[in-house]
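What follows is one structure encoded as structure tokens, with my remarks underneath.
The values are calculated or read from the model by the stated rules, or taken from the named source; none is laboratory data. On a predicted model such as this, the values are computed, not experimentally measured, just so you know. Cβ placement follows ideal geometry from the backbone for every residue including glycine, while neighbour counts extend to all protein chains displayed.
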Amino acid sequence: MIRHSVCALDCPDTCALLIDVDQEGGGSRLRGDPDHPVTRGFLCGKVARYLEREYSPERLLHPLKRAGAKGEGRFERISWDEALDTIAERLQDISDAYGSESILPYSYAGTMGLLQGSGMDRRFFHRLGASRLDRTICSAAGLAGLNATLGNRYGTEPEQFRHSRLIVAWGANIHGTNVHLWPFIVEARRNGAKLYVIDPVTTRTARLADKHFTIYPGSDLALALGLMHVIIGEGLQDAGFVEQHTSGFEALREKVAGYTPERVAGLTGIAAEDIVSLAREYATIRPAVIRLNYGIQRSERGGAATSAIAALPALTGSWKHVGGGLQLSLSQAFHFNRAGLEMPGRPTRTVNMTELGKALTEFDSPPVKALVVYNSNPAAIAPNQNLVLRGLRREDLFTVSLEQFQTDTADYADIVLPATTFLEHTDVYLAYGHYYLQLARPALPAPGECRSNVDVFRALAKRMGFNDACFDDSEDDMIRTLLDSGHPFLAGITLERLERERSVRLNIGDPFLPFAEGGFGTSSGKCELRADLWDYTPPVESRLGDAGLRARFPLELVSSKNDDSMNSTFGYRGATDAQTSRLVVHPADAQARAISTGDRVRAHNDRGSVVYTAEVSPDVREGVARAPSVRWNKMSPGRNNANALTSDRLTDMGGGPVFYSCLVQIEKCGD
Ligand SMILES: Nc1nc2c(c(=O)[nH]1)N[C@H]1C(S)=C(S)[C@@H](COP(=O)(O)OP(=O)(O)OC[C@H]3O[C@@H](n4cnc5c(=O)[nH]c(N)nc54)[C@H](O)[C@@H]3O)O[C@H]1N2
Ligand SMILES: Nc1nc2c(c(=O)[nH]1)N[C@H]1C(S)=C(S)[C@@H](COP(=O)(O)OP(=O)(O)OC[C@H]3O[C@@H](n4cnc5c(=O)[nH]c(N)nc54)[C@H](O)[C@@H]3O)O[C@H]1N2
Ligand code: SF4
Ligand SMILES: [Mo]
């Protein structure tokens, strides 16, 4: 029998899956649905092997309570009743003693499912009056940047990329992290399109590109202003579109006058003549599309950089063309009834998830006394890891982890609850890289005593005496509520229709040209050219940043995504561990330190020190080191990873993390 499912991983592609299931309910083969217009019958390598995870002997199957020291990883099995009673009692006691805001939920996108990730859990914590979590860890700076310029975060549909003549992958490793866009690019190139990549690293995508601009990390704002300098200076803007649909052009003209190609070359490391030719080609080749991804906004100037890049298609009028425009995240087009799903209740303190270390070690009035983690592995993925781990070690902190695997975070938990995978529970999925809404029903039985997040938070609500009707809602009730927003993009999309069709394109018209006739989501309805936000100063932690820091820590560490894993989700796999234990160093930087491929090296700064295996390669720009991420701490010699080096400084906009603005020194380890 073939069953349908949807990949729940935090990936723009949100693939439709087919799974072969035998008489006994065992899954034997997973593949991409050939009928889905974006999945097109194939999966990425990591999920093609997902059944290995599903049936891994390392899956957590029973509730556990801690039997050793925090972090040690010794646990004993307990019953669900004991686990839920303990959690309910402890949360109640903590709430009575310190106030409900001393309880902090911590979750991100381990699953992108709406019910399991922002459904019953939110209802529970809102009813409890717990602190709110500001979920900034991935995209906050970029989304704030897009909002400032476009007002709403719509973008070019992936299927339209086949019509583009110039595709600019800007901080976007398409082939590695968004592989279902790739076939559309192949099709475009067959018709003569060019692919340009702007990335400090020679990624798979860059290797396959027509041109690769190896920009200095964190300098994208300067490049965007340099391109505008050339476009406006040479009169290549679309005067009609600018006149009708943008505001702030005159101030922008003045602002970019100072960003000459020569000056921008010094700031970005891209030759002046390349800046000029890129600007000319971008402004004159039609249609031209920018695939912007989150790589550029994990740096100190990431918000402003995104905001400036997002203005380029309005300057050139590229929003008018099928196959033009820009894509970052498309998720805002899914106009759900979020309030109905999440039941926000009264406002409480908000804690920025990027600052977890500070929250656990510095906050008082009230201090964080209980931490409930699900869909996330903060011990591995949050910046300033030493501070995070110090917080997680606190004896007076009560920690719960809902997990599929015994992660580093689970090692610090007092109670661990075994969670279902997306193949085992019901959920609905938006996407951030396409416009299809999807439903998945359980395709496989849950092993052992695994329970879904919805189930667990429903049970906890009962134990804490919350009698509100919302805690009796079934998954289907929640889906109906979610779809009931009255927004035209969701008109006619019901649970019954999702049940029948499984994947339904939003009612956005075809072709969807969100801003062809203006209609931006800003208060003016225009694309805001925000010259006021766009002054480039190099990140403090960068080659042109703080000279004192740079003298001690001369290399820029980019701990970007590993091609063949998903954040820390597959960290237990040997092959993933081998990939994420590497530090890629440029030959010149390696030579200066007598480092060869295979050497054990130590990367360090004032925040921490991490041991890697060196790979000497020109795939990084001189002065840049790359640590494919995110490794499971406990697999490494120092029981840590790149986030022991990254800082918890926040981005210029949105309060996001600055993972890729990180200065380090590297040396060979003694034997
Ligand atoms: N294989 C795989 N796929 C994934 C993930 C994964 O871990 N592995 N993670 C998923 C998640 S959570 C997300 S958010 C998306 C993210 O997807 P992407 O945004 O594509 O991923 P990143 O690796 O963060 O960044 C993309 C590229 O930006 C480059 N970059 C770094 N700093 C700069 C800079 O300052 N300027 C420019 N121009 N480029 C820079 C990096 O070298 C990298 O190649 O991918 C998702 N898909
Ligand atoms: N240095 C560095 N740090 C980074 C990044 C980077 O590129 N470099 N990327 C950042 C980005 S973009 C992101 S999005 C974050 C990602 O950080 P996280 O969202 O924490 O992602 P993962 O590390 O993949 O951990 C997700 C966990 O959720 C669990 N899980 C999956 N499905 C379910 C479920 O249904 N129920 C429960 N209870 N658990 C489930 C998985 O087993 C997994 O352990 O990391 C950030 N950290
Ligand atoms: S991780 Fe992305 S590309 Fe891979 S199967 Fe899931 S949605 Fe598709
Ligand atoms: Mo992310």
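Observations
- Residue within the stretch 3-12 that is more than 28 Å from THR399 (Cβ to Cβ), within 16 Å of ligand 1 (Cβ to nearest atom), within 29 Å of the chain's Cα centre (by Cα) and polar (S, T, N, Q) present: no
- Some residue of the stretch 227-238 being in contact with a Pro (Cβ under 9 Å, 6 or more places away or on another chain) and at pLDDT 95 or above: yes
- Of the strands (runs of 3 or more DSSP E) that lie entirely inside the stretch 414-519, those containing 2 or more residues that are more than 15 Å from ALA16 (Cβ to Cβ) span 415-418.
Here's the yes/no breakdown for (1) surrounded by fewer than 19 Cβ atoms within 10 Å (Cβ to Cβ); (2) more than 16 Å from ligand 4 (Cβ to nearest atom); (3) touching a residue at least 12 places away in the same chain (Cβ under 8 Å):
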{"residue": "ASP274", "(1), (2), (3)": "yes, yes, yes"}
{"residue": "GLU281", "(1), (2), (3)": "yes, yes, yes"}
{"residue": "ALA288", "(1), (2), (3)": "no, yes, yes"}
{"residue": "GLN297", "(1), (2), (3)": "no, no, yes"}
{"residue": "SER307", "(1), (2), (3)": "no, yes, yes"}
{"residue": "GLY324", "(1), (2), (3)": "no, yes, yes"}
{"residue": "LEU328", "(1), (2), (3)": "no, no, yes"}
{"residue": "PHE334", "(1), (2), (3)": "no, yes, yes"}
{"residue": "PRO347", "(1), (2), (3)": "yes, yes, yes"}
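- Qualifying residue in the stretch 535-549 (condition: under 30 Å from THR14 (Cα atoms), outside any helix (DSSP H, G or I) and outside the structural domain of ALA109 (by TED's automatic domain parsing)): no
- Taking the stretch 362-414 as the range and being away from ligand 3 (no atom under 16 Å from the Cβ) and either among the polar types (S, T, N, Q) or outside the structural domain of GLU101 (by TED's automatic domain parsing) (or both) as the test, the residues that pass are SER365, SER376, ASN377, ASN384, GLN385, ASN386, THR399, SER401, GLN406, THR407, THR409.
- Flag for SER559 being closer than 23 Å to GLY73 by Cα, surrounded by 23 or more Cβ atoms within 10 Å (Cβ to Cβ), within 16 Å of ligand 4 (Cβ to nearest atom) and not assigned by TED's automatic domain parsing to the domain that holds THR205: no
- Of the residues screened, GLY295 is not one that is more than 16 Å from ligand 3 (Cβ to nearest atom), in a loop (DSSP other than H, G, I, E, B) and closer than 30 Å to LEU236 by Cα.
- Of all residues in the stretch 13-34 being loosely packed, with under 13 Cβ neighbours inside 10 Å and acidic (Asp, Glu), the one that is farthest from the chain's Cα centre (by Cα): GLU24
- The stretch 644-671 residues that are acidic (Asp, Glu), paired with ones that are assigned to a loop (DSSP other than H, G, I, E, B) and buried (at least 20 other Cβ atoms within 10 Å of the Cβ) (beta carbon under 7 Å, 6 or more apart): ASP648/PRO383; ASP648/ASN384; ASP652/GLU300; ASP652/ARG301
Yes/no matrix, rows are residues, columns are (1) in contact (Cβ under 8 Å) with a residue 40 or more places away in the chain; (2) surrounded by 21 or more Cβ atoms within 10 Å (Cβ to Cβ); (3) within 13 Å of ligand 2 (Cβ to nearest atom); (4) not small (Gly, Ala, Ser):
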| residue | (1), (2), (3), (4) |
| --- | --- |
| LEU114 | yes, yes, yes, yes |
| PHE124 | yes, yes, no, yes |
| ARG132 | yes, no, no, yes |
| CYS138 | yes, yes, yes, yes |
| ALA141 | yes, yes, yes, no |
| ALA148 | yes, yes, no, no |
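- Residues that are in contact with a strand residue (DSSP E or B) (Cβ under 9 Å, 6 or more places away or on another chain) and free of Cβ contacts under 8 Å to residues at least 24 places away in the same chain within the stretch 8-29 comprise LEU18, ASP20, ASP22, SER28, ARG29, listed in sequence order.
- Residue match in the stretch 128-139 (condition: touching an Asp or Glu at 6+ places or on another chain (Cβ under 8 Å) and within 16 Å of ligand 3 (Cβ to nearest atom)): yes
Residue by residue, here is whether (1) under 20 Å from PHE125 (Cα atoms); (2) more than 13 Å from ligand 2 (Cβ to nearest atom) holds:
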{"residue": "ALA370", "(1), (2)": "yes, yes"}
{"residue": "ASN377", "(1), (2)": "yes, no"}
{"residue": "ILE381", "(1), (2)": "no, no"}
{"residue": "ASN384", "(1), (2)": "no, no"}
{"residue": "LEU402", "(1), (2)": "yes, no"}
{"residue": "GLN406", "(1), (2)": "no, no"}
{"residue": "ASP411", "(1), (2)": "no, no"}
{"residue": "THR421", "(1), (2)": "no, no"}
{"residue": "VAL428", "(1), (2)": "no, yes"}
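- Qualifying residue in the stretch 93-110 (condition: surrounded by 15 or more Cβ atoms within 10 Å (Cβ to Cβ), within 16 Å of ligand 2 (Cβ to nearest atom) and aliphatic (A, V, I, L, M)): yes
- Condition check for THR214: among the polar types (S, T, N, Q) and either crowded, with 24+ Cβ neighbours inside 10 Å or under 22 Å from CYS11 (Cα atoms) (or both): no
- Residue check, ALA169 out of contact with any helix residue (DSSP H, G or I) (no Cβ under 6 Å at 6 or more places or on another chain) and surrounded by 24 or more Cβ atoms within 10 Å (Cβ to Cβ): no
- Tally, over the stretch 425-443, of residues that are within 16 Å of ligand 3 (Cβ to nearest atom) and either of a type in the set (Ser, Thr, Tyr) or over 16 Å from GLN332 (Cβ atoms) (or both): 10
- Taken together, the residues in the stretch 635-671 that are in a loop (DSSP other than H, G, I, E, B) and touching a His at 6+ places or on another chain (Cβ under 8 Å) amount to 1.
- Pair list, Cβ under 9 Å, 6 or more apart: the stretch 203-228 residue free of Cβ contacts under 8 Å to residues at least 40 places away in the same chain, other residue basic (Lys, Arg) and buried (at least 24 other Cβ atoms within 10 Å of the Cβ): none
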